[in-house]
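Visitor: Got a structure for you, questions after.
The values are calculated or read from the model by the stated rules, or taken from the named source; none is laboratory data. Since we're looking at a predicted model, the values are computed, not measured. Every residue, glycine as well, gets a Cβ built from its backbone with ideal geometry; the counts of neighbours run over all protein chains shown.
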């Protein structure tokens with residue numbers, strides 16, 4: 001087919017020939033409507049805009065209870081049971097703590113009552129010592145099973161020849177009560193001032209007995 005301008009325009013099926021030689025009026029072209037795309041997909045929370053106020057801060061308070069929980073009945077039974085269950089797990093670190101082994105000095109302190117054999121060994125050990133410079137450590141080695149302090153106290157309070165083991169006399173009791181009023185509980189000074197060969201331990205025990213039986217009150221009357 002021939003156009004009005006004398007040019008041949010080829011027309012194919014489904015297409016329209018456009019004459020590009022004539023100017024195109026842009027204003028005559030109808031605008032194409034473009035569908036609006038939502039800024040936020042349906043169902044989603046809206047995005048905050050600069051004009052929107054920020055939400056207030058939310059304060060979160062955590063409450064932790066440090067109190068030890070009440071022991072259950074099963075744990076109480078386990079503590080009361082003298083035997084451990086077979087195959088019970090050992091607490092962590094328990095195997096690293098050494099078990100304290102009682103020393104010889106501790107076992108000696110527990111033993112208080114002196115036997116006749118110990119008194120005899122103590123007398124023999126004292127016979128080998130100079131009374132002016134007694135080595136109580138050497139004496140304890142001869143006695144065996146006793147500390148130096150125990151040997152010294154046993155000798156001075158009971159076995160020394162100068163210790164008065166006789167019955168207390170009324171005059172001693174009266175003098176003892178007077179000295180305690182002056183010296184108080186300084187029993188070494190009381191025994192020395194008493195001058196009757198009583199040890200400080202004997203003077204203390206005698207005064208406690210006089211006070212307990214009411215003899216001191218009778219003397220004051």
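Visitor: Restricting to the stretch 113-122, give me the number of residues that are over 10 Å from residue 143 (Cβ atoms) and either touching a helix residue (DSSP H, G or I) at 6+ places or on another chain (Cβ under 7 Å) or assigned to a helix (DSSP H, G or I) (or both).
Guide: So the count comes out to 1.
Visitor: A further question on this structure: Does residue 204 meet the test of being over 16 Å from residue 157 (Cα atoms) and either without any contact (Cβ under 8 Å) to a residue 40 or more places away in the chain or surrounded by 14 or more Cβ atoms within 10 Å (Cβ to Cβ) (or both)?
Guide: no
Visitor: Next up: Please verify whether the stretch 171-184 includes one or more residues that are in the same structural domain as residue 216 (by TED's automatic domain parsing), without any contact (Cβ under 8 Å) to a residue 60 or more places away in the chain and part of a loop (DSSP other than H, G, I, E, B).
Guide: Within the stretch 171-184, one or more residues are in the same structural domain as residue 216 (by TED's automatic domain parsing), without any contact (Cβ under 8 Å) to a residue 60 or more places away in the chain and part of a loop (DSSP other than H, G, I, E, B).
Visitor: Does residue 129 meet the test of being modelled with pLDDT of 50 or more, in contact with a helix residue (DSSP H, G or I) (Cβ under 9 Å, 6 or more places away or on another chain) and within 19 Å of residue 161 (Cβ to Cβ)?
Guide: yes
Visitor: List the number of the failed condition for residue 184; all other conditions in (1) in contact with a helix residue (DSSP H, G or I) (Cβ under 8 Å, 6 or more places away or on another chain); (2) surrounded by fewer than 16 Cβ atoms within 10 Å (Cβ to Cβ) hold.
Guide: That leaves (1) as the condition not met.
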